[in-house]
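Encoded as C-alpha cells, here's the structure I'll be asking about.
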Amino acid sequence: MTITIVPARYDEERAQRLVAALGVDLDCRYGADGLGQQPDPSEFAPPHGSFRLVAVDGATVACGGVRRMPYPVPAGVTTTDSGRIAELKRMFVADSHRGRGLSRLLLGALESFCVDAGYRELWLETGTAQPEARRLYASAGYEPIAPYGEYRDYPDSRCYAKVLPESGGATPSSRAPLS
C-alpha cells in the first residue's frame, strides 16, 4: 500500500469531492447542513494556510486543511500568542479507508506545516457525534477549550487546542488551562 500526502487547492475537484462526502457524513450525524458555512478557498493557500489530500495507491481518500484563525480569542481563554493560532478544518477520511491511521498521518503533516509557518497553536472544532475524531485529537495531545467563533452557538460542538513546538523542534512551554 502506497500512501502519499500532497498539497492541493481547496477548490480543486479532488478536494471538493471529499469535502462533499464530509458534508454527507456530517448531515447524517447532525442533520441538515452539518458542514456549515463554506470557507474562502484562499484561506487554505500558502503562506498562511494549507490543504492536503491523502492518496492510497493513487486513489484520493482523505483531506484536511489549516488556516489562520479567523475568530478572536474568547475572553477567559489563555493562549501562547493570539496572533499565531491556526485552525484545523475539513478533516475527513472516506469510510472505506477508516481505521488505517490516515487521519493521524494527515494531522501530523498539517501540524508540521503549522510549525514551519510559525503558528504556536492549532485549534479545532468537532462534535459530540464524532467520537472517533475526539479520540484522535485527545490521543494527539489536544486539550478541550471553550467554544470559539461560530461554534459558541452549537451545543454539540467540542473545541480543542494544542500548543505546537517552535520551529526547530523546541518543546512547547506549558500554559494555564484553556477553558
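Need one number: nm distance between label points at TYR71 and ALA32, each 7 Å from Cα along Cα→Cβ, rounded to one decimal.
2.4 nm
What's the long-distance tail for the stretch 1-42, i.e. % of Cα pairs beyond 16 Å? Show your work: numbers first, answer last.
Numbers: 408 of 861 pairs.
Everything past 16 Å amounts to 47 percent.
Only Cα pairs under 8 Å and at least 6 apart count here; give the relative contact order of the chain as a rounded whole percent.
Working: 301 pairs, mean separation 35.7, N = 179.
Across the chain, relative contact order equals 20 percent.
Give the value in nm², to one decimal: projected area of the alpha carbon convex hull of the stretch 3-163, averaged over all directions.
Its average projected convex-hull area is 8.8 nm².
Tell me, what is the Rg over Rh of the stretch 68-129, with Rh the Kirkwood radius over Cα pairs?
My calculation puts Rg/Rh at 1.03.
How much length is gained if the chain between HIS97 and ASP40 is pulled fully straight, taking 0.36 nm per residue apart and subtracting their Cα-Cα distance, in nm to one decimal?
Net length gain for the segment: 17.8 nm.
Do any trypsin sites (Lys or Arg not before Pro) in the stretch 42-129 lie in a loop, going by DSSP, with at most 16 other beta-carbon atoms within 10 Å of their beta carbon, and if so which?
Listed in order of number, the matching sites are ARG98, ARG100.
While we're looking at this one, here's another question. R0 = 30 Å: FRET efficiency of GLU12 with TYR154, Cβ-based, nearest 0.05? Each step should come with its number before you reach the end.
On the way: r = 29 Å, r/R0 = 0.96.
Given R0 = 30 Å and the Cβ-Cβ separation, E is 0.55.
Would you mind telling me which residue in LEU26, LEU110, LEU164 has the biggest mean-square fluctuation in a Gaussian network model of the chain, where springs connect alpha carbons within a distance under 10 angstrom?
Top of the fluctuation ranking is LEU26.
Now for a different question. Taking each full run of DSSP H in the chain as one helix, which ones are at least 15 Å long along their axis (Cα atoms) and have mean Kyte-Doolittle hydropathy of at least 0.0? Show your work: numbers first, answer last.
Details: long enough: 13-30 (25 Å, -0.08); 102-116 (21 Å, 1.12).
Helix filter hits for the chain: 102-116.
Let's see if you can work this out: charge +1 on each Lys and Arg Cβ, -1 on each Asp and Glu Cβ, no other charges. What is the dipole magnitude of the chain about its Cα centre, in debye to the nearest 20?
400 debye
If each of THR128 and ARG84 carries a label point 7 Å out from its Cα toward its Cβ, how far apart are those two points in nm?
3.6 nm
If the convex hull of the alpha-carbon atoms of the stretch 118-169 is projected onto planes in all directions, what is the mean projected area in square nanometres?
The orientation-averaged projected area of the Cα hull of the stretch 118-169 comes to 3.9 nm².
Bear in mind that the values in this text are calculations on the coordinates, not laboratory data. Model, not experiment: these values are computed from the prediction. Glycine gets a Cβ as well: all are built from the backbone with ideal geometry, and neighbour counts include every protein chain shown.
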